[in-house]
Amino acid sequence: MKMEDIIYSIDPALPNRKDYRIGCIGAGFIMRDCHLVAYRDSGFNPVAITSLSLEESQVVASRHNIPKVYETWQELIADSDIEIVDIAIPPDKQLEVIKELVNQKDHIKGVLCQKPLAMNSGEAKQIVELCGAAGIKLGVNSNMRYDQSIRALKSILNLGLLGEPVLATIEMRAIPHWQEFLKKYDRLEILNMGIHHVDSFRYLFGDPEWITAITRKDPRTKFNHIDGISQYTFQYSNGLMATSLDDVWAWPGEGTEKDIYIKWRVEGLDGMASGTIGWPKYPEPTPSTMEFTSRQFPGQWIRPKWDKVWFPDAFQGTMAQLLKAVENDSEPEIGGRDNLKTMALIDACYLSIKEQRTVNFSELT
């Protein structure tokens, strides 16, 4: 293989038909600045929007040239013109929407839910079963799978350029904005931030056999929570270890210097790759990076470049994979059924924390 023959596959496969009529539920940051920006860049077709604030919906509709604004999501899903529903509301509310949305199966062909799919695996399973029974394609917005460095890493793993993986790590030093609704729950970091890393490990390496997790509370987060600063390790049948350290403390505050980043690294029998995730510098457009060295290209580092960034460009992929599933009558690449295993891994982490032990994944599946 020559270096010029490597295809990094960072761009999503787009549907042949881009004009599926999309109804958007939610008008906050993730919809306003990520989903809708990515959809317009891809040529997708959002035609309606609603949120808790009619005024906010109108502002977002005007900015993104969306012709219809509804006061409630019930009115939006009842619109027979809507083919795809894009949900960008807190995950504890998604089941409520799905229960009514499936009654509109005559015109709704697909729905994209946020991650986590629900606040627990039981509700997530209900969402999957309801959409399955209605024949509605269900995609999950696990958008780190479409971060450009993660896509490129998957490509070189598939090409065997690193050989059999031995050790994979993610190190996050970043401070998320915890949404208000999370204050009602005690599951915090792993379910709502670490889930990106959990799902990415599954995307890259498949399902592990063993899960070990430890945590401590984040001193900055004042509401009750089990997990603030978290570390979890997945062990695979071939010996691979994949571990993530999620540090949401990261920076004590005024009077100290910041050192914020997300890094990853994968070591294999035949090579090694490392990279950074550009998200912590948002809104400054910062592409994620990857570099790797391989026995197939001895004595050199290979550093592909791209201009696209995780936020907002990755959201082209999460919608595209749903539209392709509708178009081809196939299971979405990030489908609800697959996502239940990500939710099960989250449960395994919390069980490990609670019982202070290593958990066999078969206990949760």
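The values are calculated or read from the model by the stated rules, or taken from the named source; none is laboratory data. All figures in this text were calculated on a predicted structure; none of them were measured in a lab. For neighbour counting, all protein chains shown are included, and Cβ atoms are generated from backbone atoms with ideal geometry for every residue, glycine included.
The test for being small (Gly, Ala, Ser), within 19 Å of residue 67 (Cβ to Cβ), crowded, with 22+ Cβ neighbours inside 10 Å and in contact (Cβ under 8 Å) with a residue 12 or more places away in the chain does not hold for residue 43.
Within the stretch 141-160, the residues that satisfy the criterion of being crowded, with 22+ Cβ neighbours inside 10 Å and outside any helix (DSSP H, G or I) are 141, 142, 147. Taking the criterion of being more than 22 Å from the chain's Cα centre (by Cα), assigned to a helix (DSSP H, G or I) and touching a residue at least 40 places away in the same chain (Cβ under 8 Å), would at least one residue in the stretch 52-69 satisfy it? No, the stretch 52-69 contains no residue that is more than 22 Å from the chain's Cα centre (by Cα), assigned to a helix (DSSP H, G or I) and touching a residue at least 40 places away in the same chain (Cβ under 8 Å).
The set of residues in the stretch 220-243 that are exposed (fewer than 14 other Cβ atoms within 10 Å of the Cβ) and either at negative phi or in contact with a helix residue (DSSP H, G or I) (Cβ under 8 Å, 6 or more places away or on another chain) (or both) comprises 222, 223, 224, 237, 238.
Just so you know, in the stretch 340-362 the residues that are out of contact with any helix residue (DSSP H, G or I) (no Cβ under 7 Å at 6 or more places or on another chain) and of a type outside the set (Ser, Thr, Tyr) include one that is surrounded by the most Cβ atoms within 10 Å (Cβ to Cβ), and it is 353. Per the conditions (1) touching a residue at least 40 places away in the same chain (Cβ under 8 Å); (2) surrounded by fewer than 17 Cβ atoms within 10 Å (Cβ to Cβ), the sole criterion not satisfied by residue 118 is (2). Touching a Leu at 6+ places or on another chain (Cβ under 9 Å), touching a residue at least 60 places away in the same chain (Cβ under 8 Å), surrounded by fewer than 18 Cβ atoms within 10 Å (Cβ to Cβ) and not β-branched (Val, Ile, Thr), is that true of residue 209? Taking the combined requirement at face value, the residue does not satisfy it. When restricted to residues that are more than 29 Å from residue 37 (Cα to Cα) and in contact (Cβ under 8 Å) with a residue 12 or more places away in the chain, the stretch 275-305 contains 7. State yes or no: is residue 290 surrounded by fewer than 21 Cβ atoms within 10 Å (Cβ to Cβ) and in the same structural domain as residue 190 (by TED's automatic domain parsing)? So residue 290 fails the test.
Given the criteria outside the structural domain of residue 115 (by TED's automatic domain parsing), more than 25 Å from residue 140 (Cα to Cα) and not charged (D, E, K, R), does residue 274 qualify? For residue 274, the condition - outside the structural domain of residue 115 (by TED's automatic domain parsing), more than 25 Å from residue 140 (Cα to Cα) and not charged (D, E, K, R) - is met. For the stretch 18-47, a residue qualifies if it is among the basic types (Lys, Arg), farther than 19 Å from residue 75 by Cα and either out of contact with any helix residue (DSSP H, G or I) (no Cβ under 6 Å at 6 or more places or on another chain) or modelled with pLDDT under 95 (or both), and the qualifying residues are 18, 40.
Considering only the stretch 1-26, state which residues are touching a strand residue (DSSP E or B) at 6+ places or on another chain (Cβ under 6 Å) and surrounded by 14 or more Cβ atoms within 10 Å (Cβ to Cβ). Across the stretch 1-26, the qualifying residues are 20, 21, 22, 23, 24, 25.
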